[in-house]
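Report on one structure; see the data block that follows.
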Amino acid sequence: MSTTIDDKISLFTKVIFEKLESEYSEKRKRLIERYEAEKSAVEENLKIKMEKKISEASREASIKKDQMVSKAKTEAHFEVLRKRDELLEKLIDELKVKVRNFPGTPGYLEFLKEAINRTTSRFPKVEKVYYTFTPEDLRKYEAEIKSLIASLKPEGEFEILSGDSAMLGGVIARSQSGRIEVDLSLETLLKENRAKLAQLLFSELGLEV
């Protein structure tokens, strides 16, 4: 039994993207303007090259000209895709920074509570569950974490563990038998859903993926 990609996406986007929507509004506008300007410049440059190639090929057979036009169009297409991918990488890098900073924001505790609820719902009621959190989360929210889990699982059916420094936030839960593991840590949410995040980011920007 495992949490689905849709579960992870809905949880992640709810607490990350909705909270960053207003902050990204102005940045989105600037990025679109820059992307369109770069795209237009690339297309214009390649249009000139294409016209030059057509002119050079005017004395050759029509099929040769068609081949050159096709090649120029292909070059333009891939250059636009390259610019688009550069924009994606920039946005992903910025999102990574936001994710790393997310545990220090006011909305993080609500995210953590929802993550605990979702992970717990994936385990049989009688199964002992080991919950792993970051040392910082336990330092700041240990009382809230214990209270919530105790309301969901009877005493003796859960244990709270401290994760290592590589864990950014969220929760990882594992059954005592080891057969079930639910990972809603921030780094795993970001890693597993990169493709979906790309789609969501470009949707926010009004661009095609």
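The values are calculated or read from the model by the stated rules, or taken from the named source; none is laboratory data. Predicted model only: the values in this text are computed from it and were never measured. Here Cβ is always computed from backbone atoms with ideal geometry, including for glycine, and neighbour counts include all displayed protein chains.
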Tell me, yes or no, whether the range 110-125 has at least one residue that is closer than 30 Å to LYS39 by Cβ and surrounded by 14 or more Cβ atoms within 10 Å (Cβ to Cβ).
no
Regarding the range 47-58, can at least one residue be identified that is outside any helix (DSSP H, G or I), out of contact with any Gly (no Cβ under 9 Å at 6 or more places or on another chain) and modelled with pLDDT under 90?
yes
